[in-house]
Amino acid sequence: MIDRAAVEAVLNAIPDPATGLGLVEAGVVKGLTVAPDRAGFVIEVPSSAASTYAPVRDAAEAALTSMPGMTKVSVILTAEAAPPSRKASLSPQAVDQTRPRAPVPTDRPAHVRRVLAVASGKGGVGKSTVAVNLAAAFARAGLSTGILDADVHGPSLPTMLSISGKPDYRDGMMEPHLAHGLKAMSVGLLTKAEDAMVWRGPMASQALTQMLTQTRWGTAEQPLDVLVVDLPPGTGDVQLTLIQKTPLDGAVIVSTPQEVALADARRAHTLFQRVNVPTLGLIENMSGDVFGRGGAAAEAERLEIVFLGDLPLDASVRQAGDAGAPLSTGDLAARFDAIATALAGQLGL
């Protein structure tokens, strides 16, 4: 009569190739069943080890068959497939939000010929400084120019253009402030300077919509040639609101030369690609020994977009911003003039 202890003893006399222990001690024997005249079990191994354990299975089957009184033996070798590797990912709902949406009804602000967004995926790269000085360069070139500060959480236009006070409101429209040849509007003009914009996305989007569509940027007799929109960093609600509310004629992306900024610039470019807004070029800001040189030029080549030029890290830019007056002379002003000329050509101005 066959008993369990005798069967285990026979199996433990066969070494496990992986550990050198007997098969039972090594835990290789799975689901062992023993009857008065028969025994059976399973050897379960990874698929990569199946060929190694085939001789083990044959040896176990032969050893059990040779036991007195054993009439039937079943030893099954199964190759266990490795579980598929999993990686963290966004939920299907979040992924769905990244897909381009069907076109929505849009209309540009009244009496505005071109709308140009100045964007960056990352804060702190000098995007607002570039937007203000680029708008000033358009004005120097003789174009009727407006600038909209769309960074509703951190408006900087009042400081950089030295403007303050709530806009006049006439005939259902807000009158933009006039400064340095520019028509300017910012949420910073509609609130107190010390106010914190503790707004959720819908409120920020509503503020942008109001400034975009309820500001008298131009008239039928004197339309605005170009409205420069200084976007907040990132790719969130405000950007999507702007894209949905008005057709953009193009976008300019600002980045510093180092990789940590360029990675976010790529995301901004991807956003504009998905909503069919042309990226007119990439500007390298703060170029020099501190942040490096040439990173944005190489990235523009990789993305197959125009490299509009580099702007060196220079104290005069900061001084002009603090003084509330865009650059008007010198090498940096000339660089902004060259960028504005290139963009005006792309915009057909």
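The values are calculated or read from the model by the stated rules, or taken from the named source; none is laboratory data. Values in this document were obtained by computation on a predicted structure and should not be read as measured data. Neighbour counts are summed over all protein chains in view; Cβ atoms, including those assigned to glycine, are modelled from backbone coordinates with ideal geometry. Calculation scope for accessible area: heavy atoms of the full protein, side chains included, ligands and nucleic acids excluded. Shrake-Rupley method; radii C 1.70, N 1.55, O 1.52, S 1.80 Å.
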Open item on the list: Please go through segment 213-236 and give me each residue that is modelled with pLDDT under 85 and not hydroxyl-bearing (Ser, Thr, Tyr), ordered by number.
Closed with: Pro232, Pro233, Gly234, Gly236
TODO: Kindly establish whether Glu304 is under 18 Å from the mean Cα position of the chain (by Cα) and not hydrophobic (A, V, I, L, M, F, W, C).
DONE: no
Task: Identity of the residue in segment 1-52, acidic (Asp, Glu) and either out of contact with any helix residue (DSSP H, G or I) (no Cβ under 9 Å at 6 or more places or on another chain) or farther than 20 Å from Val73 by Cβ (or both), that ends up most open to solvent (accessible area, probe 1.4 Å) - done: Glu25
- [ ] Could you look through segment 51-93, keep only residues that are of a type in the set (D, E, K, R) and part of a loop (DSSP other than H, G, I, E, B), and pick out the one that is modelled with the lowest pLDDT?
- [x] Lys87
TODO: Output the residues belonging to segment 298-319 that are over 30 Å from Leu161 (Cβ atoms) and aliphatic (A, V, I, L, M).
DONE: Ala298, Leu303
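In this structure, does Asp264 turn out to be in contact (Cβ under 8 Å) with a residue 60 or more places away in the chain and acidic (Asp, Glu)? Let's see the steps before the verdict.
Values: in contact (Cβ under 8 Å) with a residue 60 or more places away in the chain: yes; acidic (Asp, Glu): yes.
Answer is yes for this residue.
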TODO: Starting from residues that are assigned to a strand (DSSP E or B) and within 22 Å of the chain's Cα centre (by Cα), keep the ones in segment 108-148 and report whichever is surrounded by the most Cβ atoms within 10 Å (Cβ to Cβ).
DONE: Ala119
